[in-house]
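Some notes on the structure that comes next.
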Amino acid sequence: MEKKHPLEQFKFCPKCGSANFLINNFKSKKCADCGFVYYFNPSAAVACFLKNANGDLLLAVRANEPAKGSYDLPGGFVDMEETGEEAIVRELKEETGLEIKNLKYVFSIPNHYMYSGFLVDTLDLFFEAEVEDFSLAIANDDVKSIRVVHPSELNKDNFGLESIKKAIVKYKSTL
């Protein structure tokens, strides 16, 4: 399947409103009327390998599409004026109710995420963090339920999103 230009769905210049908003190169469109060039850069997203004192991991079961019902790592999109670290702390609180400690960045993976029928290019930032235990964890926001597994039980095929599958493989290789 041929990948369409990421800005194909954007028909009008965001600066002047002209319909002469044309593909400039693979990552940008340019307005033929006002000269504005818009670069289509990835959105930032975060996910976390959240461990308890026993070394078990907390997994989320997705409540919504895409990949509804599959395993996921808790996380989400980075808001404007928010760091990746602030975003993962906020997302973990929203989705699990947990306050974390010992947060550290692990790696990143580029991704394509289908959101409301629109393909969003993302850069997924993966973190690792700790909590004493998961007894206070509750499924909130877009998490249907929570599962706790030992890292040796991680199976990429139980996860629905491609970047998360890749992250599971990469994370397991470091254990």
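Among K68, K101, K51, K93, which is the only one that is of a type in the set (D, E, K, R), surrounded by fewer than 20 Cβ atoms within 10 Å (Cβ to Cβ), under 24 Å from E162 (Cβ atoms) and in contact with an Asp or Glu (Cβ under 9 Å, 6 or more places away or on another chain)?
Details: K68 fails: in contact with an Asp or Glu (Cβ under 9 Å, 6 or more places away or on another chain); K101 fails: under 24 Å from E162 (Cβ atoms); K93 fails: under 24 Å from E162 (Cβ atoms).
Step by step, each of K68, K101, K51, K93 is checked, and only K51 is of a type in the set (D, E, K, R), surrounded by fewer than 20 Cβ atoms within 10 Å (Cβ to Cβ), under 24 Å from E162 (Cβ atoms) and in contact with an Asp or Glu (Cβ under 9 Å, 6 or more places away or on another chain).
Please find, among E99, E91, E95, E81, the residue that is out of contact with any helix residue (DSSP H, G or I) (no Cβ under 8 Å at 6 or more places or on another chain) and assigned to a loop (DSSP other than H, G, I, E, B).
Values: E99 fails: out of contact with any helix residue (DSSP H, G or I) (no Cβ under 8 Å at 6 or more places or on another chain); E91 fails: assigned to a loop (DSSP other than H, G, I, E, B); E95 fails: assigned to a loop (DSSP other than H, G, I, E, B).
One residue alone meets the criteria, E81.
Considering every residue within region 118-137, establish whether at least one is loosely packed, with under 12 Cβ neighbours inside 10 Å and within 30 Å of Q9 (Cβ to Cβ).
So far as region 118-137 goes, yes, one or more of its residues are loosely packed, with under 12 Cβ neighbours inside 10 Å and within 30 Å of Q9 (Cβ to Cβ).
Answer with yes or no whether F134 is within 19 Å of T96 (Cα to Cα), of a type outside the set (A, V, I, L, M) and in contact with a helix residue (DSSP H, G or I) (Cβ under 6 Å, 6 or more places away or on another chain). Write out each step before concluding.
Values: within 19 Å of T96 (Cα to Cα): yes; of a type outside the set (A, V, I, L, M): yes; in contact with a helix residue (DSSP H, G or I) (Cβ under 6 Å, 6 or more places away or on another chain): no.
So F134 does not fit the description; no.
Run C48 past the list (1) over 30 Å from S152 (Cα atoms); (2) of a type outside the set (A, V, I, L, M); (3) touching a Pro at 6+ places or on another chain (Cβ under 8 Å) and report the number of the one that doesn't hold.
Of the numbered conditions (1) over 30 Å from S152 (Cα atoms); (2) of a type outside the set (A, V, I, L, M); (3) touching a Pro at 6+ places or on another chain (Cβ under 8 Å), the odd one out for C48 is (1).
Going through region 159-175 one residue at a time, which ones are in contact (Cβ under 8 Å) with a residue 12 or more places away in the chain, surrounded by 17 or more Cβ atoms within 10 Å (Cβ to Cβ) and in a helix (DSSP H, G or I)?
Result: S163, I164, K166, A167, I168, Y171.
Scan region 134-149 and report the pairs whose first residue is closer than 12 Å to P74 by Cα and whose second residue is at pLDDT below 95 and not aliphatic (A, V, I, L, M), with Cβ atoms within less than 7 Å and a gap of 6+ or a chain change.
Cβ pairs passing all conditions: D142/N64.
The values are calculated or read from the model by the stated rules, or taken from the named source; none is laboratory data. As the structure is a computational prediction, the values presented were derived from the model and not from experiment. Please note: Cβ atoms are built from the backbone with ideal geometry, for glycine as well, and neighbour counts cover all protein chains shown.
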